[in-house]
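Enquirer: Here it is, the structure in full.
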Amino acid sequence: LPPAVLVLRDGHGEEISSYSIIGDTLYAKANYWVSGSWTRKIEIANLDVPATLKINEEHGSKFRLPSGPQEVVIRP
């Protein structure tokens, strides 16, 4: 799968290859040797959701948000 692209409210974007969304938080796989952690925690409230969905659709990448509070989204 092509990486998903996140567009944050501050305007910058970043690519992620593996993530889980639990509740209001996205947990992205990180490179420990670069960032000092195995996962990064990103609040959904910090995303520009319409821009994130649009850019992923344009790039043919599958990115989706949970449809309800009890759903967990995992992308290997």
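The values are calculated or read from the model by the stated rules, or taken from the named source; none is laboratory data. If you're wondering where the values come from, they're calculated on a predicted model, not measured in any experiment. Every residue, glycine as well, gets a Cβ built from its backbone with ideal geometry; the counts of neighbours run over all protein chains shown. Just so you know, the surface numbers come from the protein's heavy atoms only, side chains and all, with ligands and any DNA or RNA stripped out. Shrake-Rupley method; radii C 1.70, N 1.55, O 1.52, S 1.80 Å.
Enquirer: Looking only at strands (runs of 3 or more DSSP E) that lie completely in segment 1-43, which have at least 1 residues being of a type in the set (V, I, T), open to solvent by less than 50 Å² (accessible area, probe 1.4 Å) and touching a Gly at 6+ places or on another chain (Cβ under 6 Å)? Please lay out each step first, then the result.
Expert: Details: elements: 4-7, 13-16, 19-22, 25-29, 39-43.
Of the strands (runs of 3 or more DSSP E) lying wholly inside segment 1-43, those with at least 1 residues that are of a type in the set (V, I, T), open to solvent by less than 50 Å² (accessible area, probe 1.4 Å) and touching a Gly at 6+ places or on another chain (Cβ under 6 Å) span 4-7.
Enquirer: Name the residue, out of L26, L47, L1, that is touching a strand residue (DSSP E or B) at 6+ places or on another chain (Cβ under 8 Å) and touching a residue at least 60 places away in the same chain (Cβ under 8 Å). Quick ask: steps written out before the conclusion?
Expert: Numbers: L26 fails: touching a residue at least 60 places away in the same chain (Cβ under 8 Å); L47 fails: touching a residue at least 60 places away in the same chain (Cβ under 8 Å).
Criteria check complete, one pass: L1.
Enquirer: Another question, if that's okay. Could you check segment 50-76 and list, in sequence order, the residues that are open to solvent by 70 Å² or more (accessible area, probe 1.4 Å), more than 18 Å from D10 (Cβ to Cβ) and without any contact (Cβ under 8 Å) to a residue 40 or more places away in the chain?
Expert: Listed by number, the residues that qualify are E57, E58, R64, S67, Q70.
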